[in-house]
Number of protein chains: 2
Amino acid sequence: MSVPAVFMSQSTIPILQQEINEALGALRLAERAPRRLYAPAAYLLELPAKRTRPLLCLLAYRAWQPDHTSCMPAALALELFHNFTLVHDDIMDNAPTRRGQPTVHARWDSSTAILAGDALYAYTQQLLVQAFPQQAAALIRCYSQAALEVCEGQMRDMELAAAEAATLADYMAMIEQKTAALIGGSLCIGALAAQAPPGAPEALDRYGRLMGIAFQLLDDLLDVYAEADKFGKQPGGDIIENKKTYLWLRAHELADPAQLQALQYWASVQDQPEAKVAAVRALYDNLDLPTRTRDLIVDYRRQAEARLQPLLPNPALQILHEYLSEVLTRAY
Amino acid sequence: MSVPAVFMSQSTIPILQQEINEALGALRLAERAPRRLYAPAAYLLELPAKRTRPLLCLLAYRAWQPDHTSCMPAALALELFHNFTLVHDDIMDNAPTRRGQPTVHARWDSSTAILAGDALYAYTQQLLVQAFPQQAAALIRCYSQAALEVCEGQMRDMELAAAEAATLADYMAMIEQKTAALIGGSLCIGALAAQAPPGAPEALDRYGRLMGIAFQLLDDLLDVYAEADKFGKQPGGDIIENKKTYLWLRAHELADPAQLQALQYWASVQDQPEAKVAAVRALYDNLDLPTRTRDLIVDYRRQAEARLQPLLPNPALQILHEYLSEVLTRAY
């Protein structure tokens, strides 16, 4: 069987996103009993989202199997897992809103949010292996590894925020675990489910991690340099909060004594957000951080491509890489 | 291969408990990085405990396999899962201590406790399937089902505490999910791992659930009637807190208008704990609740035995049932 050419085209992504949304709805999660558990568990899932992780899983599956129908439950497991981490992270971060809506613990309470997250996670396991009894052990191994890393990454993120002497190496390790491990894991799960040739699931895992790190670096860059109307939120938030991003940590490495003093001065300023953002951005400019960060993103993307290369040509993987590359060139 | 007679004897339980403790120690969970995640994750596990769930899993496995070595990681997964639920439940219940020690969120903080619980749960999945790739899908199905029920049961427990009109049916549904589902699940997992004959895992699951319900009823009874030195904590706590236990709910069903008024009066009393416990206990006596509860426990035990019967004779299952029966006759 060959992949229908009309499907594997520019329109593949929105079609898959639509299918994922329909399949999520068909779970009827919010209607399960007890509703006081499942309504909060389903709440975030019902808000519009890009569905990146299930999308990556389905594309990886389609790289070796023509029909992705049986992979949909495993793909949904990844979206539910992602939502579980958001629900628990929002409690830890004391976040009042997400995607413009009250967070689960804000709308209900912390106990409900803890339990709703736990239930989402418990449910993902049966979804993951449902259609693939032969590959269940390999799928669970990959999934459990990614899930553990997401927990470790979240802890490293909290450690980093509290640490006096944080290093770039700490930061890179943190973003690989907190963000990139699940991007890689989503691709690995799709490939394992599709019974891809030996080595391919691992190559896609590594590819996804490298692209995931590049995304996070771009996110850090855009938080300082994006135009507000393209970025979707006011840039400069990380600077105002003294967040230890790639740019912040690299600036502290590169700064001469006078620049370091200026960075420390502005870190202590709390009542002049606009002046603070402008001054720190000017310091970042002087340290050539926009170019340095972009170069690093390009470097990660090249490393990722090197992992993908041996698996090409493959229509689904080409669409996958085009899609992820497009995200990486946004707002440039 | 036959089961060594010297092992399958009265001393089986303490030997297995010792092995479980050694295997738990050998995981070296507390030493993993980042330590700020794994030290709190391992903390409760290091306190002395009966290790009931892994013990049940190993006994069920031994019912069909002579050597339980390969089942140990799956058995540990159940103890780690149980600890994950304790860590999260303690946050929800705002409990300052457990087993005489500060709870995880009290010793560290809530964010750490949420994340430590999540990491424990993530880790259990790879432990569960590690030695049984062929049975992985069935193991995960059984495990995920029990885990979901534990979450549902905890939510029903919180609902019950807040509900104006709670019924005995609500209560029985709650304890089956919150407590008994994982007792049944532990046996089911051991049997599935051992490739027990068709029907046996399900029979043991049901047996475990019925015995688990009986335990919870006994716990409710002992909280009112146990002698303090045998019970390990001061009896009467449930009465003082107006907790909706089996006895509380059954009393409200059976009470005549005068007795109902007395129950309502004592529920409103907060400053005379000793008088309250004595008065409510006397009401329970008048309603014949000790006998009624004991009869119900015996009834559940008989139902459980009926599920076990077709699998006997089997040395490991006989030890299993002796062990659980002994727990059910404690303090009588």
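Values in this text are rule-based calculations from the coordinates and carry no lab data. Small disclaimer: the values here were computed from a predicted structure and weren't measured. Cβ atoms come from the backbone with ideal geometry, glycine included; neighbour counts cover every protein chain shown.
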Please average, across the residues of A:31-40, the number of beta carbons from any other chain that are within 10 Å of each residue's own beta carbon, and give a whole number. 4
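Got a sec? How would B:MET72, A:MET92 order by Cβ neighbour count within 10 Å, fewest to most?
On the way: B:MET72 23, A:MET92 18.
By the 10 Å Cβ count, ascending, the order reads A:MET92, B:MET72.
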At most 13 other Cβ atoms within 10 Å and a DSSP loop assignment: could you name the trypsin sites (Lys or Arg not before Pro) in segment A:206-296 that fit? A:LYS233
By Cβ neighbour count within 10 Å, fewest first, B:THR167, A:THR329 rank A:THR329, B:THR167
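Note down the net charge around A:THR12, summing +1 for each Lys or Arg and -1 for each Asp or Glu among other residues with Cβ under 10 Å from its Cβ. Each step should come with its number before you reach the end.
Numbers: positive: A:ARG62; negative: A:GLU322.
Cβ neighbours under 10 Å give a net charge of 0.
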Helix axis angle, B:289-308 relative to chain B longest principal axis, alpha carbon, degrees: 20 degrees
Compute the distance in nm between two label points, each set 7 Å from the Cα along the Cα-to-Cβ direction, one at B:VAL298 and one at A:ASP288. 8.8 nm
Count the lysine pairs in segment A:12-328 whose Cα atoms lie under 23 Å apart, taking only pairs 8 or more positions apart in sequence or on different chains. 13
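Assuming 0.692 mPa s and 37 °C, estimate D for the protein assembly as shown with Stokes-Einstein, Rh taken as the Kirkwood radius over Cα pairs, in µm²/s. Don't jump to the answer; show the numbers that get you there.
Details: Rh = 27.3 Å.
D = 120 µm²/s.
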To the nearest µm²/s, what D does Stokes-Einstein give for segment B:103-219 at 37 °C and 0.692 mPa s, using the Kirkwood radius over alpha carbon pairs as Rh? 209 µm²/s
Mind checking the log10 I(q)/I(0) for segment A:12-328 at q = 0.11 Å⁻¹? Debye, one equal scatterer per Cα, no solvent, two decimals. -0.74
Pair-distance profile P(r), taking every C-alpha pair of segment B:28-90, with 5 angstrom steps and integer %: 4, 17, 22, 22, 17, 10, 6, 2, 0
Would you mind estimating how fast segment A:153-279 diffuses translationally, via Stokes-Einstein at 10 °C and 1.306 mPa s with the Kirkwood radius over Cα pairs, in µm²/s? 97 µm²/s
What is the distance in Å between the Cα centroid of segment A:138-159 and that of segment B:244-318? 44 Å
With the convex hull built on the alpha-carbon atoms of segment A:30-157, volume per residue in Å³ sits at 116 Å³
Expected integer from the mean partner chain Cβ neighbour count at 10 Å over B:90-99 is 1
Compute the helix-to-body angle for A:257-268: its Cα long axis versus the longest principal axis of chain A, expressed 0 to 90° and rounded to tens. 70 degrees
Give me a comma-separated list of calculated 3J(HN,Hα) values for segment A:49-66, in order, Karplus coefficients 6.51, -1.76, 1.60 applied at θ = phi - 60°, integers in Hz, x for any Gly or Pro. 7, 6, 6, 4, 5, x, 4, 4, 4, 5, 5, 5, 4, 5, 5, 10, 10, x
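Cβ under 12 Å from B:HIS105's Cβ, B:HIS105 left aside: what net charge do those residues give with Lys, Arg +1 and Asp, Glu -1? Don't skip to the end; give the middle numbers.
Working: positive: B:ARG98, B:ARG107; negative: B:ASP89, B:ASP90, B:ASP93, B:ASP109.
Net local charge, B:HIS105 excluded: -2.
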